[in-house]
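The values are calculated or read from the model by the stated rules, or taken from the named source; none is laboratory data. Worth saying up front: this structure is predicted, and the values here are computed from it rather than measured. Here the Cβ positions follow ideal geometry from the backbone for every residue, glycine too, while neighbour counts run over all protein chains shown. Keep in mind that these areas ignore ligands, DNA and RNA; they rest on the heavy atoms of the full protein, side chains included. Shrake-Rupley method; radii C 1.70, N 1.55, O 1.52, S 1.80 Å.
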Amino acid sequence: MTKDPGTTASKAPTGLKRAIGTPLLFAFIVGDTLGAGIYTLVGTMAADVGGAIWIPLLIALVVALLTAATYAELITKYPHAGGAARYADRAFGIPYVSFLVGFLMMASGITTAAALANAFAGDYLTALIDVPAAPAAIVFIILLTLINLRGVKESLGANLVASVIEVTGLVIVIIVAAIVLASGNGDPSRLLEFAPDVPPFQGAFAASIVAFFSFLGFEAAANMAEEVRNPSRAYPRALFGAICTAGVVYLLIALGAVIVMPPAELAESTGPLLDVVAASGVGIPPGLFSIIALIAIANGALLFMVMASRVGYGLAEAELLPRAFARVLPGRRTPWVSIVVVAGLTIVLTLLGNVATLAETTVLLLLLVFLSANVSVLVLKKDKVDHDHFSAPRILPVLAIIASIALLSQQTGIIWLGAAAYIVVGSLLFLAARAGRKREERVSASS
C-alpha cells in the first residue's frame, strides 16, 4: 500500500451511496466470476488438452491474478465508475483510444451473450425439451431483451441469489465426483492424459484461452467503485479472494469431471457437467441439474446484455457514439436503441458462431482491454493521489502484459478477423459521431 496524506478514497465525492462492504463485494465478484462459462467449456478444454484440463485452468488463474493486481491499483487509486476506458482516458487523453477500450468492452458483452445463448440451446435445454437449437437461442435472446427493455432493477441481493443457484450446481458436480472417486469407480489416471494428435504444450495454451473465459467477470467490479466503503481496503481483499475462490472451485470441477468421464466423451458434449452428473450414477435428476445450469447461463447472458447496452448508452452520452444510442424509452428510461442494437448483434453472432469460437473471441477482446489497463497502470504510476491505495509492484503488470500477449498469440486468424470487424464497425460509428457533432456545431454557430 502507498500512503498519501489527505482525504481517504471512501470520502471522495460521489453521487452514489457507499453502502457495500468487503463481504458483499466479495460475493458480487464471486457471482460475476463463477458463472456460466465452466458449465459449457469443460468439454472444449478436453478437446484441446485431454484429461489435463487443470493445466490451462492454472494458467488462466495466474493471468487473472496478474491482471487483478492492476485493477486493484487502478480501482483503489481512482475509485470511480467507468473501468478500463476511464483509466485509458486518464493515462493517454486520446478520445479514440478511450472510445475503443469502451467499445471493446461493449463488444465483449455482446459476444459473451451470444456464446451463452448457444450454450442455453444445447444439451442442458434438450434434457428438458427437444427443440431446434437456433430458434431456441433466438427466442432466448428476445426474452432477455424484453426484460432489458422493461428495466432490470439489479441489486446485489438478487445477484447473490442467482450466484447461490450457480454455485449449487458446481457443488453438486464436486460432490458426485467425490462419491465416484471414493467408491473406486473413477479413473484419476486420466488427469495426466493429453489429447491424442495434439502436442501437450500447444494444447495447454490453446485450452487456456477457453479457460480464461471462465474467469472473466472480475473486471466488472470496477463499475462498483463509487458504492464501496473504504475501497482501498475492500477491493484488494475481495478481488483476490474471489478469483482464488473461483480458481479452487474450477480446479475441483476439472478434476472431478475427468475422473468421472473420459475426456473424449466430455469433448463431444455441449452440456458436459450434466453428463458428468448423469455418468456418476448418484441419482441426481438430470432435469433438476439442467434447470440449475440454465438459470446460471440465463443470468450470465442477461447481465452481459445489460452491461453492453449500458456501455453503448454511456459512450453515446460521452459523444463517442451516435446520439441515437442514448435514446431512452419514456417512462421506463431504458436505453432502447442501444438495447435493440445489442440484441440484433447478439442474434447474428449466435447464428454465425459456436460456443467455443465466441468464447475465444470474447477472450481476445478482453485481453486487448486488459493490455490497455496494464499499460495504463504503468503510465499512471507517476500520478499521485491524496489517499491510500493498493500499489502493485511494476513487475506484475509487466508480467500481465507478457501473459496477455502470449494468449493473444494463440488465437486463430478467424478470431482475429472477428475482432478486426468489431474495430472497423466501432471506428465507423466513432467517425459518424464526430461528424454529427461537427454538423451540430456548424448549425449552432450559424443560427
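Of the helices (runs of 4 or more DSSP H) lying entirely inside region 207-292, those carrying at least 2 residues that are more than 27 Å from Leu125 (Cα to Cα) and modelled with pLDDT under 90 are 231-260. In this entry, Ala400 passes the filter for residues that are touching a Leu at 6+ places or on another chain (Cβ under 6 Å) and small (Gly, Ala, Ser). State whether one or more residues within region 164-182 are at pLDDT 85 or above and more than 23 Å from Tyr39 (Cβ to Cβ). Yes, region 164-182 contains a residue that is at pLDDT 85 or above and more than 23 Å from Tyr39 (Cβ to Cβ). Per the listing Arg323, Arg327, the residue uniquely touching a residue at least 24 places away in the same chain (Cβ under 8 Å) and open to solvent by 50 Å² or more (accessible area, probe 1.4 Å) is Arg323. Scanning region 128-138 for residues that are closer than 13 Å to Val348 by Cα and either open to solvent by less than 10 Å² (accessible area, probe 1.4 Å) or in contact with a helix residue (DSSP H, G or I) (Cβ under 8 Å, 6 or more places away or on another chain) (or both) turns up Ala134, Ala137, Ile138.
Residue-by-condition table, conditions (1) modelled with pLDDT under 90; (2) under 29 Å from Ala356 (Cβ atoms); (3) in contact with a Leu (Cβ under 7 Å, 6 or more places away or on another chain):
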{"site": "Pro79", "(1), (2), (3)": "yes, no, no"}
{"site": "Ala84", "(1), (2), (3)": "yes, yes, no"}
{"site": "Tyr87", "(1), (2), (3)": "yes, no, yes"}
{"site": "Ala107", "(1), (2), (3)": "no, yes, yes"}
{"site": "Thr112", "(1), (2), (3)": "no, yes, no"}
{"site": "Ala115", "(1), (2), (3)": "no, yes, yes"}
{"site": "Asp123", "(1), (2), (3)": "yes, yes, yes"}
{"site": "Ile138", "(1), (2), (3)": "no, yes, no"}
{"site": "Ser155", "(1), (2), (3)": "yes, no, no"}
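Among residues of region 281-310 that are crowded, with 21+ Cβ neighbours inside 10 Å and among the polar types (S, T, N, Q), those with a Cβ under 7 angstrom from a residue that is in a helix (DSSP H, G or I) and modelled with pLDDT of 85 or more, sequence gap 6+ or separate chain, pair up as Ser290/Tyr124; Ser290/Leu274; Ser309/Ser338; Ser309/Ile339; Ser309/Val342.
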